[in-house]
Amino acid sequence: MDYEQTAAAGKEAVMDILQEVKDPEVPVLSVVELGVVRDVKLKEGHVEVVITPTYSGCPAMQAIREGIINALRSHGFDKASTRTVLSPPWTTDWMSEEAKGKLREYGIAPPGHTRDREDRPVACPFCDSEDTALRSEFGSTACKALYFCNACQQPFEQFKCI
Amino acid sequence: MSEKQPAIEIEGEALRSHLFEYCLRLGDDRLVLGHRLSEWCGHAAILEEDIALANVALDFIGQAEYILDLAGRIEGAGRDADRLVYFREAIDYRNLKLVELPRGDFAFTIARQFLFDAYDVELMEALLDSSFQPLAEVAAKVIKEARYHLRHSRRWVVQLGDGTEESHQRMQKALDEVWMYTGEIFQADDIDRRLHEDDMAPDLEELRPRWTKAVQDAVEEATLKLPDPDQYMAEGGRQGRHTEHLGHLLSEMQILPRSYPDATW
């Protein structure tokens, strides 16, 4: 294999490892699925993982940084570091349909697309009814809002669309 | 931040010092307002609002961290965000007086928050086009949060203003009380003007009518009265002349790292 192929294979291996690192607040999604991991750079045995914060105030970022370093170390990448970038700013549009399905299954209404109308109804993750109402713009974490389903009488959280 | 970021090269000592000061203004506003909002944690009237205010507080403190870190990289004297936050005196803080005022009752907190959020949205929209790339990048991140914050605080202004007799009267009182601290937001000095000449920062005079319009619309919808814009306005925060309240806030915020400078957590 020439150098470029080796680098590509190495990057893929690192991405596979990063799939094991879950968001501490939403443990069904990995940091890759969440769109927090932006790039992986390999140079002379050193791995640099480029990440971007979801919200400025997300207190999970430090745990995510440590999770990434620990996962890489446990797979033999002793020289690993993270670098945080702000640009381009994180958006829920980076989340795949598969990732959104995982959120729904976990009981969190997934985000719509930023190009959708803001007042688009949010479907209940439990009964799929669109007869739901916003209770609070802020849920248990910065990335979620609190809703109530009038059909099945369940409160639920929605992953905010930004 | 636990990651070391490289210094930023700036051509010319004057420009470097202006950009440093400008970032202190942006960062200190957020830090101090975030701290004031965090005081509600565990005290708000309903759980949802307790959580909301804590969330907004965290956003502001996170934004302050990026911006003060940026300030430190511009200054090039080895100070990071923590160093700037914990080891400056009140006289070296560059925030508006508006954000350091005690949190007051819920109406006061909301009035102040709404007036700041309306300014923040206009400011960040303008900074998206800053010719100083690091600031444009910060703005692209912050604008998303600022719009969301405004939606929340504006909704409360309308709900309380157009609510019961008691909530209406308290919302009006809060608006009247905080009003004299809004003049300083748009008071440009040499730093603003020089940075505006280089397209790095917006013209504050251009932001003012857009802010006034946004505030007026909400105040009308809330059946409240806009206070007199020509009344006496407080000033001096940007130059480090603060109210007595900032010193008390900082002493609480800074006590631990000042007592144990080598502490890590």
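Using the crude model of +1 on Lys and Arg Cβ and -1 on Asp and Glu Cβ, and no other charge, please compute the dipole size for chain B relative to its Cα centre, in debye to 20.
Using only the charged Cβ atoms, the result is roughly 400 debye.
Report, in cubic angstrom per residue, the convex hull volume of the C-alpha atoms of segment B:71-160. Intermediate results must be reported in sequence, preceding the final value.
Details: hull volume 10.2 nm³, N = 90.
Hull volume normalised by residue count: 114 Å³.
With angles folded into 0 to 90 degrees, how steeply does helix A:97-106 sit against the dominant principal axis of chain A? Use alpha carbons for both and round to 10.
The angle comes out at about 60 degrees.
Please check: in the Gaussian network model of chain A (C-alpha springs, under 10 Å), which one of A:THR92, A:THR114, A:THR132 has the largest mean-square fluctuation.
A:THR114
For every helix of n ≥ 4 consecutive DSSP H residues, a contribution of -39,500 (n - 2.57) applies; sum these over chain B, divide by its total residues, and give [θ] at 222 nm rounded to the nearest 500 deg cm²/dmol. Provide the component values of the computation, followed by the final result.
Numbers: 10 runs with 172 residues, N = 265.
Value at 222 nm, helices only, nearest 500: -22000 deg cm²/dmol.
HN-Hα J couplings of segment A:69-78 from phi, Karplus 6.51/-1.76/1.60, θ = phi - 60°, integer Hz, Gly and Pro as x?
Taking θ as phi minus 60°, the curve returns 4, 5, 5, 5, 4, 5, 9, x, 8, 6 Hz for segment A:69-78.
Counting only residues 5 or more places away or on other chains, whose amide H sits under 5 Å from the amide H of A:THR82 once H atoms are built in the peptide plane?
Under 5 Å from the amide H of A:THR82: A:VAL49.
Remind me, relative contact order of segment A:36-162 in percent, using alpha carbon pairs under 8 angstrom and six or more residues apart?
20 percent
Choose one answer from B:GLU197, B:GLU65, B:GLU13: the residue with the largest mean-square fluctuation in a GNM of chain B with alpha-carbon springs under 10 Å.
Most flexible of the set in this elastic network: B:GLU13.
Translational diffusion coefficient of segment B:168-248 at 20 °C, 1.002 mPa s, Stokes-Einstein with Kirkwood Rh over Cα pairs, in µm²/s as a whole number. Write out the running numbers ahead of the final one.
On the way: Rh = 14.6 Å.
The calculation lands on 147 µm²/s.
From largest to smallest, what semi-axes in whole angstrom does segment B:1-127 give when each is the square root of 5 times an eigenvalue of its alpha carbon gyration tensor? Present the calculation step by step, with values, prior to reporting the outcome.
Values: eigenvalues 168, 46, 33 Å².
Working from the Cα gyration tensor, I get semi-axes of 29, 15, 13 Å.
Calculate one ³J(HN,Hα) per residue across segment A:82-87 by plugging θ = phi - 60° into the Karplus curve 6.51 cos²θ - 1.76 cosθ + 1.60, and present them in order as whole Hz with x for glycine and proline.
Running phi through 6.51 cos²θ - 1.76 cosθ + 1.60 with θ = phi - 60° gives 10, 9, 9, 10, 9, 10 Hz.
In the Gaussian network model of chain A, springs joining C-alpha atoms below 10 Å, which of A:GLY112, A:GLY67, A:GLY45 carries the largest mean-square fluctuation?
A:GLY45
Enumerate the whole-percent occupancy of each 10 Å bin, from 0 to the last occupied one, for all C-alpha pair distances of chain B.
The percentages, shortest bin first, are 7, 30, 37, 20, 6, 0.
Assign unit charges at the C-beta atoms only (+1 for Lys and Arg, -1 for Asp and Glu), then state the dipole size of the protein assembly as shown relative to its Cα centre in Debye, rounded to the nearest 20.
Dipole magnitude for the protein assembly as shown comes out near 640 debye.
Mind ranking B:26-38, A:10-22 by how tightly packed they are, going by the mean number of other C-beta atoms within 10 angstrom, highest first? Don't jump to the answer; show the numbers that get you there.
On the way: B:26-38: 25.2, A:10-22: 16.5.
Order by mean packing, descending: B:26-38, A:10-22.
Just flag the trypsin sites (Lys or Arg not before Pro) in segment B:159-265 sitting in loop per DSSP whose Cβ has no more than 15 other Cβ atoms within 10 Å.
B:LYS225, B:ARG241
Under 12 Å Cα-Cα from A:LYS43, which aspartates and glutamates qualify once same-chain neighbours fewer than 8 residues away are excluded?
Straight-line reach from A:LYS43, under 12 Å: A:GLU4.
How would B:ILE8, A:ILE68 line up from fewest to most surrounding beta-carbon atoms within 10 angstrom?
On the way: B:ILE8 17, A:ILE68 24.
The order, fewest Cβ neighbours first, is B:ILE8, A:ILE68.
What size of dipole, in debye to the nearest 20, comes out for segment B:174-265 about its Cα centre when the only charges are +1 on Lys and Arg C-beta atoms and -1 on Asp and Glu C-beta atoms?
Value, rounded to 20: 300 debye.
Across peptide B:196-209, how many C-beta atoms of other chains are within 10 Å of each residue C-beta, on average?
Other-chain Cβ atoms within 10 Å of each residue's Cβ, averaged: 0.
Restricting to DSSP H runs of at least four residues, report the calculated mean residue ellipticity at 222 nm for chain A, -39500 (n - 2.57) per run over all residues, nearest 500 deg cm²/dmol.
-8000 deg cm²/dmol
Considering only the other residues whose Cβ falls under 15 Å of the Cβ of B:GLY76, what net charge follows from Lys and Arg at +1 and Asp and Glu at -1? Mind dumping the intermediate values first?
Working: positive: B:LYS4, B:ARG16, B:ARG73, B:ARG79, B:ARG83; negative: B:GLU9, B:GLU11, B:GLU13, B:GLU21, B:ASP69, B:GLU75, B:ASP80.
Taking every other residue near B:GLY76 into account, the sum is -2.
Roughly how many Å is it from the Cα centre of segment B:103-141 to that of segment B:236-265, as a whole number?
23 Å
Using alpha carbons only, how many angstrom separate the centre of segment A:127-162 from the centre of segment A:71-93?
Here the two parts' Cα centres lie 30 Å apart.
With unit charges on the beta carbons (Lys and Arg positive, Asp and Glu negative) and the dipole taken about the Cα centre of the protein assembly as shown, which residue among B:TRP156, B:LEU249, A:PRO24 sits farthest to the positive side?
Going by the charge dipole, the pick is A:PRO24.
Between 0 and 90 degrees, rounded to the nearest ten: what's the tilt of helix B:13-38 against the longest Cα principal axis of chain B?
In chain B, helix B:13-38 runs at an angle near 40 degrees to the longest axis.
Please compute the average number of Cβ atoms from other chains found within 10 Å of each residue's Cβ in peptide B:42-49.
Numbers: counts 0, 0, 0, 0, 1, 2, 6, 2.
Mean inter-chain Cβ contacts per residue within 10 Å come to 1.
Within 10 Å of each residue's Cβ, count the other Cβ atoms and sort A:PHE138, A:PHE126 from fewest upward. The partial results should precede the final answer.
Working: A:PHE138 25, A:PHE126 15.
Ordered by Cβ neighbours within 10 Å, fewest first: A:PHE126, A:PHE138.
Here, each number is a calculation from the coordinates, and none is a lab measurement. Here the structure is a predicted model, which means the values were calculated and not measured. Don't worry about glycine lacking a Cβ; one is built from the backbone with ideal geometry, like all the others, and counts go over all protein chains shown.
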